[in-house]
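Peer 1: Attaching a single structure in structure tokens format; questions to follow.
The values are calculated or read from the model by the stated rules, or taken from the named source; none is laboratory data. On a predicted model such as this, the values are computed, not experimentally measured, just so you know. Reconstructed Cβ throughout: ideal geometry from the backbone, glycine too, with neighbour counts over all protein chains shown.
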Amino acid sequence: MASLDPGGPGLAAAEPFPWYRRMREEQPISADPRRGWMVFRYRDVQPVLSDHQSFSSEFGDLGLLNTDPPRHRQLRSLVSQTFTPRTVEQLAGQIEQITAGLLERLPPEPDLIRDLAVPLPITVIAGLLGIPAQDRERFKRWSDAVVTGGGAGMPVRQAREEMQAYFGQLLDRRRSRPGSDLISALVQARVDGESLTRSELISFCVLLLIAGNETTTNLIGNAVLCLDEHPQAAAELRQRPDLLEGAIEEVLRYRSPIQAMFRIARPGATLDGQELPAGAPVLAWIGSANRDPEQFPDPDRFDIHRQPNHHLAFGQGIHFCLGAPLARLEARIALRALLQRPLVVDRERLERFQSHIVYGVRTLPLRAA
Ligand code: HEM
């Protein structure tokens, strides 16, 4: 029988994909006494993510992400007023500049994670939120602490507390003297005559940091890895940069930065006709759904021309990733710049991220071509 433990054989090895395949075939809906329920097929992962009446997101403290309707609708429309695709498109020039600056300063022994994929999204978010330049070092230390799970010389709890205190002060300053940044816009946003409370504003800022940085870092890292493994695709993209958008969607499917999301079963929730106990935790394996042959022909093939490509890497339904346009834009700009350089990944020294939920590499060392 296949192991039910996400720490089992499939993930103990570097890649979770063989384990996903076995689970899809042998136990696509599995109940584990310790870890709760897990779903692996596209047709089950999709409803768990999107049917909020059966599967609740109210279990954590990440504001919007951990809220159900009706409050979710209000919060989401407040923040999406400010975080619009247009706001994001306007950042393109700035993202290009930051990328060019980081690539010019690449050290003699570059690590693309440390030298590009980590600083790029952090700098963009800091700019968007209007974090004063002199505070960006501190900002980076907090996000490093959160991203590395306390491995950056600061416990996660301390980083969160300091961030909350910092954002609290910044909000008060923006309330009295608004600027043209996202925090000022959030402070002023209204829906049905209501605005965000102070603690909702703070948790949204923290959520942007946590949800937006590491995921984008991993999208860029995973894209470099995919193109290094598929030199023909890289060569084609050098000739046809218009194919980059589709290539990034394929990276999102093939190596999804977030492999799974949690939900809590509400009373009466069913999966494939089976009723779940109310309150049961459910883990929806996005990374497995994105390799399901029922949805994607030849799913283990990396194909930048794949069409259609309805992957679930950004979730689905009311919680669909708010930052998807920003992540896609940053990845497009970074990859366009990288494809112009003769960079070769030193695969011998690759280090994978040790996590079931987050999929990416910790380092991406390069050597001369
Ligand atoms: C490749 C990069 C990214 C990936 C793979 C990703 C993935 C996801 C996923 C799977 C969800 C849905 C969670 C759920 O259903 O419970 C989500 C939600 C969210 N993401 Fe992203 N994300 C990325 C980048 C970003 C960025 C750059 C930002 C912001 C700057 C961001 C902000 C958010 C927010 C605020 C939510 C919550 C939306 C809601 O609950 O209504 N994400 N993301």
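Peer 1: Could you check, for the range 293-309, whether at least one of its residues is within 15 Å of the ligand (Cβ to nearest atom) and either surrounded by 13 or more Cβ atoms within 10 Å (Cβ to Cβ) or among the small types (Gly, Ala, Ser) (or both)?
Peer 2: Among the residues of the range 293-309, at least one is within 15 Å of the ligand (Cβ to nearest atom) and either surrounded by 13 or more Cβ atoms within 10 Å (Cβ to Cβ) or among the small types (Gly, Ala, Ser) (or both), which makes the answer yes.
Peer 1: Collect the residues in the range 112-125 that are more than 17 Å from the chain's Cα centre (by Cα) and buried (at least 20 other Cβ atoms within 10 Å of the Cβ), keeping them in residue-number order.
Peer 2: Hit for the range 112-125 is LEU112, nothing else.
Peer 1: Those residues that are surrounded by fewer than 14 Cβ atoms within 10 Å (Cβ to Cβ) and of a type in the set (Gly, Ala, Ser), I need them from the range 171-194; list them, please.
Peer 2: Across the range 171-194, the qualifying residues are SER176, GLY179, SER180, GLY193.
Peer 1: Related question: Taking the range 240-285, which residues are polar (S, T, N, Q) and more than 12 Å from the ligand (Cβ to nearest atom)?
Peer 2: THR270, GLN274 - these are the residues of the range 240-285 that are polar (S, T, N, Q) and more than 12 Å from the ligand (Cβ to nearest atom).
Peer 1: Specify the residue that is farthest from MET38 (Cα to Cα); the eligible residues are those in the range 255-279 that are assigned to a loop (DSSP other than H, G, I, E, B) and charged (D, E, K, R).
Peer 2: Here the residue is ARG255.
Peer 1: Looking only at residues in the range 173-208 that are out of contact with any Leu (no Cβ under 9 Å at 6 or more places or on another chain) and not in a helix (DSSP H, G or I), which one is modelled with the lowest pLDDT?
Peer 2: Out of the qualifying residues, it is ASP192.
Peer 1: May I pose another question? Name the helices (runs of 4 or more DSSP H) wholly inside the range 47-104 in which the number of residues that are basic (Lys, Arg) and more than 10 Å from the ligand (Cβ to nearest atom) is 1 or more.
Peer 2: It comes to 71-82, 85-89.
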